[in-house]
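Here the structure is laid out as structure tokens; the discussion comes afterwards.
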Amino acid sequence: MRNKKPWSGRFLEPTNRLAERFNASISFDKRLYRWDILGSKAHAMALWKAGILTEREYKRITRALSIIEREIEKGRFTFTPDMEDIHMAIERRLIEKIGPLGGKLHTGRSRNDQIALDMRLYLKDEIRDILSLLHELKRAIVKVAKENMDCIMPGYTHMQRAQPVLLSHHMLAYYEMLKRDRARFEACLRRVDSMPLGSGALAGSPYNLDRYLVAEILGFSTVTENSLDGVSDRDFIVEFISCASILMMHLSRLCEELIIWSSQEFSFIELSDAFSTGSSIMPQKKNPDIPELVRGKTARVYGNLITLLTLMKALPLAYNKDMQEDKPPLFDTVDTVKDVLRVLTPMLMDMRINREAMADAVKKGFLTATDVADYLVRKGMPFRDAHRKVGAIVAHCIRKNITLEDLTLRDWRRFSTLFEEDILRAVSPEHSISTKTIYGGTALRRVKERIKRVEKEMKI
Ligand code: ARG
């Protein structure tokens, strides 16, 4: 019968249809069914151990819950707004199946601690998935670095050519970012990993429920300390979306570079046909839609973070219905991040590197000017004087429309007698790179070393 709600005892009138629809979260929280059932089974065990259910009752309940799970999996379960949320949908079905015994399951539990549990169980699984997808992306990045170990490209500051760097070094910069992302997700996971059931509606439960047993069954390493906090804490969601936002920021930076590099003006890379799209009007076009969309989807994730922060701001303790609104942005963040990681990995593996275009770009723009200044410093000139002198040399080259490598030893010596034969080699991009042997620098030896340690870190 419609409107026979589990909570309708004190109500004289049925719920208004619009209010019912407005109140319902079933349309989106149905995806929590697996974790909700898992939590209910563990709760049933605690009820049995506390002497509230007999062993037989416990078994009947858990068996019926497994059947309901299968019904939902097979799509044989129709969700309707009058079910309100996933917790009541499952409970109602349980009572349909096993009668009044089903009504014993909610003893000592509230939907407030139940949803807190479901969200934590769900998020723990999703973070683990994200960590393994992140691992795959890092592998792809390391692969690009390794396969193009000695490929030289211009390094940029202000989007102006600055100094030569190795493409492998550039790629490994993204590895470092993603490594920090991993650590952030792992730290977040530790805080999600706390079991809230037993908090009840807000004050705790009067039954002798073994919270540590429930935690152990469900694979939590600890239990929450305070029942009010247990039902009203959503920090773990805010924190997760923060981690996701920082990850997306990194990926959008990578994608921005890929978009620029695949432009005709740069032509540093070419994305494979499989990961590019065409134009409906311009037959010649090959567009980098995938990286552009990653850049775009970063906005949604940031939006979700702001939604959660704003949602939780100034909420009094303990549970408030506002918190039901945490789900769509959380689910959207999880789906977006997983999709992005899944598509970026094969796209990177498939991308073609145009070493010649990168090498050509290094030749123009006086990228080794700083190396010339350093050359003079090594011959005893104060850096500021050397900087000014090399500025004058660059100005000379610009006037003559030549590069530093075009200068003869005589040309060099007209600027300073400190220049000797070896300056001719010192201005080559290869030489410039070979001098950056400082820890963390772009010298090939350092990059090779780093890749070795990275492979060890990642157990590749
Ligand atoms: N659907 C609710 C949510 O997502 C579950 C908890 C509802 N609790 C309550 N007392 N109405 O937050």
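The values are calculated or read from the model by the stated rules, or taken from the named source; none is laboratory data. This is a predicted model, so every value here is computed, not measured. Note that we place each Cβ from the backbone using ideal geometry, even for glycine, and neighbour counts take in every protein chain shown.
Against the conditions (1) more than 27 Å from LEU305 (Cα to Cα); (2) surrounded by 17 or more Cβ atoms within 10 Å (Cβ to Cβ); (3) without any contact (Cβ under 8 Å) to a residue 40 or more places away in the chain, TYR212 satisfies every one except (2). Collect the residues in segment 315-344 that are more than 14 Å from the ligand (Cβ to nearest atom), of a type outside the set (Lys, Arg), in a helix (DSSP H, G or I) and surrounded by fewer than 20 Cβ atoms within 10 Å (Cβ to Cβ), keeping them in residue-number order. Hits for segment 315-344 are ASP332, ASP335, THR336, ASP339, VAL343. Scanning segment 46-69 for residues that are surrounded by fewer than 19 Cβ atoms within 10 Å (Cβ to Cβ) and farther than 27 Å from PHE79 by Cα turns up TRP48, LYS49, ALA50, GLY51, ILE52, THR54, GLU55, ARG56.
Taking helices (runs of 4 or more DSSP H) as the structural unit, those lying wholly within segment 1-99 and holding at least 1 residues that are more than 14 Å from the ligand (Cβ to nearest atom) and either among the acidic types (Asp, Glu) or modelled with pLDDT under 95 (or both) correspond to 17-23, 55-73, 86-98.
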